Each structure stands twice: as C-alpha cells, then as structure tokens.
Amino acid sequence: MSFFVLLLVKMDVPAKGNILGRFISARYILAVLGSIGMAIVYGLKVNLSVAMVGMLNHTAIKMNEGKPDHGSHNNTLAEVDCEPVTSSAHAKEADGPFTWSTEIQGIILSCYFWGYFVSQIPGARIAELFSAKWVMFFSVSINVVCTLLTPVMAQAHHAAVVVMRIGEGIGGGVTFPAMHVLLSKWAPPAERSVMAALVYAGTSLGTVISMLMAGVLTANLGWESVFYVMGGLSCIWCVLWVLLVQDSPQQQALISKEERDLIVTSLGGKADDHDHKKLPVPWKSVLTSGPFLAILVAHACSNWGWYMLLIELPFYMKQVLKFNMAENAVATALPFLSLWFFSLGLSKTLDWLRGKSYITTTTARKIGTLFASVVPATCLLVLCYVGCNRGAAVAFTAIGVTAIGGMFCGFLSNHIDIAPNFAGTLMAMTNTVATIPGIVVPIFVGVLTHGNQTISAWRVIFFVTIGLYLIEIVVYTLFGSGEQQPWNQVQQTKEDQPEEKL
Ligand SMILES: *[C@@H]1O[C@H](CO)[C@@H](O)[C@H](O)[C@H]1NC(C)=O
C-alpha cells in the first residue's frame, strides 16, 4: 500500500498538477492521517494497562501484599464484594514474570503524565513557529521506539520501563497542540467541528483497537507481542505522514487549486501567502480572558472524568465487578467505539446547524460540552447505585463514555475559534492543566481503594468526579465563547498599531 502511495507521489510532484489532489481532498487526508496518529499515540499509551495483567505474577504479589487484609476485613462494611462470574474466570489469567508491587504498578501507569506534562507548551511553540508536521512526526516516532523497547527494558528493571513511559508521554504531550496548529491552517471554519472531531476521536478509536488487540495478543502470543506488533504496525504511519502531509495548504503540492483557494480564503488569507506569521503570545490577555479560562476549567474537569473512565474503569470492572480479562477488555473497549460514532455524528450535526445559521458557534460549543459533562455525570450517579448488577454497570458506563465524545466539537475545538494564531499554545496550556487529573486520579483511587476494593470506596471516587463535572457545566455555560478574541490579532510587530489591522 505504501508502495502505491510512493508511486503516486513520484508521478505527481514534478508536474505539480496533483493527480491525488484531483480525487481526494487534501484536508481530509490530513484529518484521517492525523486521526490515525492520535489513535497510535493513545493506543500505545493504553496497551500497557492491558498487557500488564499478563506481565505480573499475581500469585507472588498477593503473597507479598495480601496477608494483613486477608480474612474478615470487609465484613464490617454494609455491603459485600461482588461474587465472581464463574469459578473458571480466574483460571485463564496466567502469572507473568514480574512481581511489581501495587505502588510500582501505580508509578509505571502514571509516569506517562510526567513526560506529557512538560512537553506540551514547548512543543506547541515549536509547532507554531516552525513545523507542526514534524512535531507530530516526532511525537509518534518516539512512541513507536519506546514501545518497541519496552519488553527488553522490563526484563532489565522496572525503572527502565518508567523511562520508556516518560518518553512516550513526552511524545504524547505534543500531539494535541500540533494537531491544533494544523487544524487552524487546514480546517475551513464551517468544517472545523467535523475535522476536529475526526482527528481527536482517533484517540478513542486507538483506545478500542489497542485494548482489544492487547487482550488478544497477550492471551495468544504472550505479553511481549503487544509491544512488538503494535509498535511495528505504527511504523507505516510515519512513512505516510512524511509523504502526504504538509504544514499548510500553500506548502502542499498534492492538492487541487480549488481546494487550496477554498481553505485559504475561508480562513481570511491569501492563496500565495507563504510566510509564517511569528507572533509572540499575548500571555497577559490570554490569562485574563474569560472564554479561555472557561475552556481551561472545562478541559481540566472533563479530563478527570476521562482518565477515570479510561484508566480506572478497567480496575473497577476487574476488582469490584470481577470480570475476567477477556470480558474486561471488551466491556471497557466497546464504549469507545460508540464514542467515535457519536462524536462524528454530533459534530456533523452541529456544523450543519451552524452552516444554516440556526445556532452560533458559541451555542454549538456549549451543546457539545454539555453532552460531554451532563451525561457522564448522570451515568456515574447511576453507577453508584446499581451495585453488582454488571449488565447495568456496563450499559451506563457505555452511555457515559459515548457522550464524552461531545467534547471534541465542544470545548476541545474552541481554542481555534477564539484565537487561531495561538491555537497550539492555548491547547497546550489547557491540556497541561488538564494533565493534573491524570497524575492525581491513579493516586487518589489507589489511596481510597488500597486493601478496600468495595463499591462504597468507589462511590466516593465517583461523587468527586460528579462534583467536578458540575463545576464544568456552570463555568463553561456562563463564560464559554465561540467568537474570535481581539488579542488574536493585536500584535504584528511592535511598531504596527492595532488600528491598522482593524
Ligand atoms: C510467581 O510467583 C510464585 C511465588 O513466588 C512462584 O512460585 C511462581 O513460579 C511465579 N510464577 C512465574 C510465572 O514467575
């Protein structure tokens, strides 16, 4: 397949007549490859939590940690643990070679965020000032390399796995800002919701594919194969990305003249304008902007819920609802597939309604955000009270995760509306703050459930999450905006007065 593409490119470049561009729209090639890139980064991030079940020697870990809690520890609580599904449910779960304690497991799963945390703002500035294409390439490549090295590193020492995960996190951190910079140059405003949803919903597609693949690979070929197969397949993307994607429509040869004109004029630029605008970030205006702070709050609160469902739900399913691994992978992965369909459907609908002038961009962003907050909060509330009813728990989890898809065309594409010139930096700022829940959630859950895997312990966790969703709903509904902010345009050079531009 990549050979075929190579051939196309070879035929195409000298003529500048773009055979490819005549048949396929270049902006959707960007969106689809961007989406696959997001899927790879997220897939390589979540595969560890599945593979780890096969990597650990559960027998030895239980012997080391289980002694004090054994016996009648839970009998004083109002409810008992759920019964296992069948007695054979645990037979399939073979022991692996590693005797990492619960604390070490927690560090390995959370250290991804240390890298993710520090790389975003530098990555965003490099993407804005130099090249978002190459920042995105770097991001996926470093994930592929670290994934391929993980099995060897794990044999050496658990600290080496921590280093690999930090490396993956550094790559993961720059994906959202880099894609935001590309979208700000490639997405006509009327298609912004759909293109953003297509790109970012790749994260959920990556999650679903990775969880299912990691489950199947661990069970059949051993845990090492998870890293080798997924890392290997991801290399194909790197080649396609370099060949088929450019930083802006002006730099892209594989595009029809009509499409280039359409994109560039819809964004208010000139089709032959090649130079980068290297604007300094108006930090003070950004940090005092109501619409920006509303995105910040929505992003941080939403991510708490997102990480809760993405990372902690598999543990809840396993520890409290007593699913075996295969059921576990399917039950937690499938909602992400419905999230993907929902986010694309909703974004298409909202773009259509905006196109017909039935709603403003502001209203569209708020509708998306409300879906992504009200529904999961309600589902978590229900989850607190369905107890050991696994069917209901799975169903409401699925509904909650699905509705989270509203965020992609809600607050998550809002940065480009309010300040397209700084979309990458703004995304990096909100996403950096939104990373804090990713660090806090595993620790918070670990502390509350240590030796106490009960529904009542998890209920506290769910209520905290619901509280954060309520904050998001109030703040974003009051202060969110879809209008371009004046500070997006203000400085050209120090001598230029803003009046000239207006
Ligand atoms: C797991 O640990 C137990 C107890 O230390 C040991 O007997 C067993 O061989 C280990 N299994 C593997 C696969 O390493």
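The values are calculated or read from the model by the stated rules, or taken from the named source; none is laboratory data. Computed from a prediction, not measured in an experiment: that's the story for all the values here. Because the Cβ atoms are built from the backbone with ideal geometry, glycine has one as well, and the counts that use them run over all protein chains shown.
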**Request:** Kindly check whether there is at least one residue in the range 289-299 that is more than 23 Å from residue 127 (Cβ to Cβ) and of a type in the set (S, T, N, Q).
**Result:** no
**Prompt:** What number of residues within the range 337-391 satisfy the criterion of being surrounded by 19 or more Cβ atoms within 10 Å (Cβ to Cβ) and more than 29 Å from residue 458 (Cα to Cα)?
**Reply:** 9
**Asked** Right, residue 179: buried (at least 24 other Cβ atoms within 10 Å of the Cβ), assigned to a helix (DSSP H, G or I) and touching a Leu at 6+ places or on another chain (Cβ under 8 Å) or not?
**Response** no
**Prompt:** Among the numbered criteria (1) under 24 Å from residue 486 (Cβ atoms); (2) modelled with pLDDT of 85 or more; (3) outside any helix (DSSP H, G or I); (4) among the hydrophobic types (A, V, I, L, M, F, W, C), which single criterion is violated by residue 255?
**Reply:** (1)
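Taking residue 447, is it part of a helix (DSSP H, G or I), in contact with a helix residue (DSSP H, G or I) (Cβ under 9 Å, 6 or more places away or on another chain) and closer than 21 Å to residue 305 by Cβ?
On the way: part of a helix (DSSP H, G or I): yes; in contact with a helix residue (DSSP H, G or I) (Cβ under 9 Å, 6 or more places away or on another chain): no; closer than 21 Å to residue 305 by Cβ: yes.
Answer is no for this residue.
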**Test set (1) surrounded by fewer than 21 Cβ atoms within 10 Å (Cβ to Cβ); (2) closer than 20 Å to residue 461 by Cα; (3) more than 21 Å from the chain's Cα centre (by Cα) - residue 399 fails condition number** = (3)
**Message:** What are the pairs with Cβ atoms under 9 angstrom where one residue, in the range 333-344, is more than 9 Å from residue 205 (Cα to Cα) and outside the structural domain of residue 406 (by TED's automatic domain parsing) and the other, located anywhere, is of a type in the set (Phe, Trp, Tyr) and surrounded by fewer than 24 Cβ atoms within 10 Å (Cβ to Cβ)? Sequence gap at least six, or different chains.
**Reply:** none
**Prompt:** Going through the range 84-134 one residue at a time, which ones are within 16 Å of the ligand (Cβ to nearest atom), farther than 22 Å from residue 448 by Cα and either at pLDDT 95 or above or of a type in the set (Val, Ile, Thr) (or both)?
**Reply:** 99
**Fill in**
In the range 197-251, anything among the acidic types (Asp, Glu) and either over 21 Å from residue 146 (Cβ atoms) or crowded, with 20+ Cβ neighbours inside 10 Å (or both) is listed as 247
**Complete:** With the first residue restricted to the range 33-58 and required to be more than 19 Å from residue 136 (Cβ to Cβ), and the second required to be of a type in the set (Gly, Ala, Ser) and within 16 Å of the ligand (Cβ to nearest atom), Cβ contacts under 8 Å at 6 or more apart or on different chains are 54/94; 54/96; 54/219; 54/222; 55/96; 55/154; 56/96; 57/96
**Which listed residue is within 16 Å of residue 30 (Cα to Cα), hydrophobic (A, V, I, L, M, F, W, C) and in contact (Cβ under 8 Å) with a residue 24 or more places away in the chain, from 174, 144, 135** = 135
**Fill in**
Expected single match for aliphatic (A, V, I, L, M) and surrounded by fewer than 20 Cβ atoms within 10 Å (Cβ to Cβ) among 163, 174, 144 is 163
